[in-house]
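Notes to accompany the following structure.
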Amino acid sequence: MESARMGFASGPRSASENPIRRANLFRLKAQGTDFVPVVSGFLSSKVELRLPKVRAKWKILECGSSFLLKEIENQKEKKRLAVFVSGGGSNFRSIYEATVKRSVNGDVVLLVTDKPGCGGAQFARDNGIPVSIFPKTKSSLEGLSPSELVTTLREFGVDFILLAGYLKLVPGELVQAYPKSILNIHPALLPAFGGKGFYGLRVHAAVIASGARYSGATIHFVDEHYDEGRILAQRIVPVLADDTPESLAKRVLTEEHKLYPEAIEALCEGRITWRDDGVPLIRNRDNPDEFT
């Protein structure tokens, strides 16, 4: 945890007042959502707290001869996220961890899967996240129809839908219900090596076989077709001469785990803007006139 620099008001004091201990630097340590200074003392009525690298706001609570700094809840309401998975859910885990660390201003409130026994679904259950099955099949009669899925998402108050290794085509009914609110991650540089059947190691094998010198990860908005929605962000990795589909997949996945939370962070903060030609752009947090 970084240090907090505090300035104290000077000014005249009566003899009856408690003396003020002057200290310019307090080291903070975590205690749950509170942070307690190691150095204690009596505070004056004016306190200046500067934490330039911490986005949270804080208030001071007196506690005898010491004091607490308690985080004030972010005024922006957290976005409610639904994640769709079909497999182990490593991108789902990176999203969940980003919400726990609060780098993403959102909460995963629902997991949707077509494979109720997959690793992603089990991770959700282990962390108290409800799991819904979609679509309904002969082997999973408890699955939802498209209209029931939309109703369930509305009941959970879902703001954004995040596909993280979900292999089924998203129905048009869902796209229409959540316009510009569904993201997907693809393990290649779209529009190349995308579409029906291009998933997992198949993608990386095709990239290597093509002789492409670069691959990467793509975040895109979802429409009614496989991997054809507007591209939001990409991250590039080199394709090495001795790459196998497995080694390339590992390199791309490392970037996926960084890129997806960054894109979701921008989505939840309302930093995505759309050009007149329909291309989505991410505004820089510190300078809204710049794009990342």
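Summary table
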item: Every residue from region 205-225 that is open to solvent by 10 Å² or more (accessible area, probe 1.4 Å) and either touching an Asp or Glu at 6+ places or on another chain (Cβ under 7 Å) or part of a helix (DSSP H, G or I) (or both); result: Ala205, Ala206, Ile208, Ala209, Ser210
item: Unmet requirement for Ser181, which otherwise passes all of (1) farther than 24 Å from Trp274 by Cβ; (2) open to solvent by less than 80 Å² (accessible area, probe 1.4 Å); result: (1)
item: Tally, over region 250-281, of residues that are in a helix (DSSP H, G or I) and acidic (Asp, Glu); result: 4
item: Residue list for region 149-169, filter: over 28 Å from Ala217 (Cβ atoms) and touching a Ser or Thr at 6+ places or on another chain (Cβ under 9 Å); result: Thr152
item: Qualifying residue in region 237-255 (condition: within 28 Å of Glu173 (Cβ to Cβ) and out of contact with any Cys (no Cβ under 6 Å at 6 or more places or on another chain)); result: no
item: Qualifying position, being open to solvent by less than 30 Å² (accessible area, probe 1.4 Å), small (Gly, Ala, Ser) and out of contact with any Ser or Thr (no Cβ under 9 Å at 6 or more places or on another chain), among Gly172, Gly106, Gly117, Gly128; result: Gly172
item: Residue within region 194-209 that is modelled with pLDDT of 95 or more and under 18 Å from the mean Cα position of the chain (by Cα) present; result: no
item: Filtered residues of region 136-148 (kept if open to solvent by less than 50 Å² (accessible area, probe 1.4 Å) and touching a strand residue (DSSP E or B) at 6+ places or on another chain (Cβ under 7 Å)); result: Ser140, Gly143, Leu144
item: Residue tally, condition hydrophobic (A, V, I, L, M, F, W, C), touching a Pro at 6+ places or on another chain (Cβ under 7 Å) and under 27 Å from Leu144 (Cα atoms), over region 75-101; result: 1
item: Which listed residue is hydroxyl-bearing (Ser, Thr, Tyr) and either open to solvent by less than 30 Å² (accessible area, probe 1.4 Å) or within 19 Å of Ile282 (Cα to Cα) (or both), from Tyr199, Tyr166; result: Tyr166
item: Residue count for region 234-285, restricted to those that are among the acidic types (Asp, Glu) and either under 24 Å from Val100 (Cα atoms) or touching a Ser or Thr at 6+ places or on another chain (Cβ under 8 Å) (or both); result: 5
item: Members of region 228-249 found to be more than 18 Å from Phe160 (Cα to Cα) and in a loop (DSSP other than H, G, I, E, B), listed by number; result: Glu228, Val239, Leu240, Ala241, Asp242, Asp243, Thr244
item: Tally of residues being out of contact with any helix residue (DSSP H, G or I) (no Cβ under 9 Å at 6 or more places or on another chain) and either farther than 15 Å from Asn127 by Cα or crowded, with 24+ Cβ neighbours inside 10 Å (or both) across region 85-103; result: 1
item: Single residue of region 210-220 satisfying the filter (of a type in the set (A, V, I, L, M) and within 26 Å of the chain's Cα centre (by Cα)) that is nearest to Tyr260 (Cα to Cα); result: Ile219
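The values are calculated or read from the model by the stated rules, or taken from the named source; none is laboratory data. Bear in mind the structure is a predicted one, so any value in this text is a computation, not a measurement. As a convention, Cβ positions derive from the backbone with ideal geometry for all residues, glycine included, and neighbour counts pool all protein chains shown. These accessible areas exclude ligands, DNA and RNA; they are computed on the full protein's heavy atoms, side chains included. Shrake-Rupley method; radii C 1.70, N 1.55, O 1.52, S 1.80 Å.
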